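The values are calculated or read from the model by the stated rules, or taken from the named source; none is laboratory data. Quick caveat, the model's predicted, so the values are computed rather than measured. Cβ: placed from backbone, ideal geometry, glycine included. Neighbour counts: every protein chain shown. Accessible surface is based on the protein model in full, side chains and every heavy atom, while ligands, DNA and RNA are left aside. Shrake-Rupley method; radii C 1.70, N 1.55, O 1.52, S 1.80 Å.
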Amino acid sequence: MPLLHVQDLVLSFSGLKVIQGLNFSVAQGSIASLIGPNGAGKTSVFNCLTGFYRPDSGSIRFAERSILRKKPHTITRQGMARTFQNLRLFKSMTVEENVMSGLHCRTHAGALAAIFQTPGQRREEARVHRISQECLDFVGILDKKDWVAANLPYGDQRRVEWARALATKPKLLLLDEPAAGLNHNEKIELIELIRRIRDELDITILLIEHDMGLVMKVSENITVIDYGQKIAEGSADQIQNDPKVIEAYLGREDDEEA
Ligand SMILES: Nc1ncnc2c1ncn2[C@@H]1O[C@H](COP(=O)(O)OP(=O)(O)OP(=O)(O)O)[C@@H](O)[C@H]1O
Ligand SMILES: [Mg+2]
């Protein structure tokens, strides 16, 4: 059984189909990529998976349960985490507070406990700090935990996002263009990090990425979509030599020149 299984997924905006009967799956324990030209529908797929968009029809099964049209926080609780194409940090909060914000879906203490600071609440606080700091350590920025997020260099702001996603202890991590804006060395570190997340934390990874060098190096399976439909699927070698894939990318470049 795949960890994630998407079948006949359809999504439209004002009658315009953005995802048109998409089928793909992600094997448990794999590093997979979802690629395609600009506007192909990749981020929309992530938004359907995480409950930000409501698909018209189709099925999405995650860890053997249907998550179709479930609320984002429910899906997070079931073990899916994501990062965004554009950074979504709380700029005026510290690095650690940003990571802790990712844990709210997992904290159990209620409002009353928060007011009265029960022992349970204090234990919960300690747990949240511990997990946040472990995740910051994992992505290599624990020494900056008290920095205000806005003051971090861009590459480190990305790391805060990854730590925040990891803090929810996901089974599946969705990364939307994690290499965007990173320099050469940071991209090499990203490849390393993606592998460590899978190997050491046993988290399955699905990434959207335009940097083909990175995609080809890190992915064990690649799904290519164009106009909301799958046009190819396979290993890096298979994808690179697939005429449909080449045409989708080159065709789109011609459009841009026109
Ligand atoms: N909320 C929305 N309302 C209307 N149209 C939308 C919405 N979200 C996405 N779209 C449209 O869906 C199509 C796919 O967009 P999407 O952002 O999923 O593409 P993408 O593959 O992630 O592109 P990119 O590589 O540029 O990030 C685009 O035509 C976009 O305009
Ligand atoms: Mg996108």
Quiz item: Summing +1 for each Lys or Arg and -1 for each Asp or Glu, what net charge is found among the other residues whose Cβ lies under 15 Å from the Cβ of residue 143?
Solution: -2
Quiz item: Which pairs break 32 Å Cα to Cα here: 171/217; 144/230; 145/171; 171/230; 71/91; 145/187?
Solution: 144/230
Quiz item: For the Cα atoms of the chain, what angle does the longest principal axis make with the long axis of helix 243-257, in degrees from 0 to 90, nearest 10?
Solution: 80 degrees
Quiz item: Over the alpha carbons of the chain, what is the largest minus smallest coordinate on each principal axis, giving the biggest first in Å?
Solution: 62, 40, 35
Quiz prompt | Cα-based helix-to-principal-axis angle, 119-139 vs the chain, degrees rounded to 10 | solution = 40 degrees
Exercise. Could you rank the peptides 43-50, 239-246, 201-208, 85-92 by their average count of other C-beta atoms within 10 Å per residue, with the highest value first?
Key: 43-50, 201-208, 239-246, 85-92
Quiz prompt | Equivalent-ellipsoid semi-axes of the stretch 13-91, from the Cα gyration tensor, Å, largest first | solution = 19, 17, 15
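Which whole-number value in Å² is the accessible area per residue of the chain, probe 1.4 Å?
Details: 12540 Å² over 258 residues.
Per residue, the chain has 49 Å² of solvent-accessible surface.
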Quiz prompt | Hydrodynamic radius by Kirkwood, which averages 1/r over all alpha carbon pairs of the stretch 91-234, in angstrom | solution = 16.7 Å
Exercise. Give, to the nearest whole percent, the P(r) tail of the stretch 1-154 beyond 24 angstrom, counting all Cα pairs.
Key: 49 percent
Exercise. Could you work out how far helix 184-201 tilts from the main Cα principal axis of the chain, as a 0 to 90 degree angle to the nearest 10?
Key: 70 degrees
Self-check item: Among 72-79, 130-137, the order from most to least packed when residues are scored by Cβ within 10 Å on average
Solution: 130-137, 72-79
Practice problem: Taking H placed 1.01 Å from N in the peptide plane, check which residues at least 5 places from residue 53 or on another chain put their amide H under 5 Å from its amide H. | Solution: 48
Quiz prompt | Counted charge near residue 223, where neighbours are those whose Cβ lies closer than 13 Å (Asp, Glu -1; Lys, Arg +1) | solution = -2
Exercise. Keeping the other protein chains in place, figure out the carbon and sulfur percent of the accessible area of the chain, with a 1.4 Å probe.
Key: 50 percent
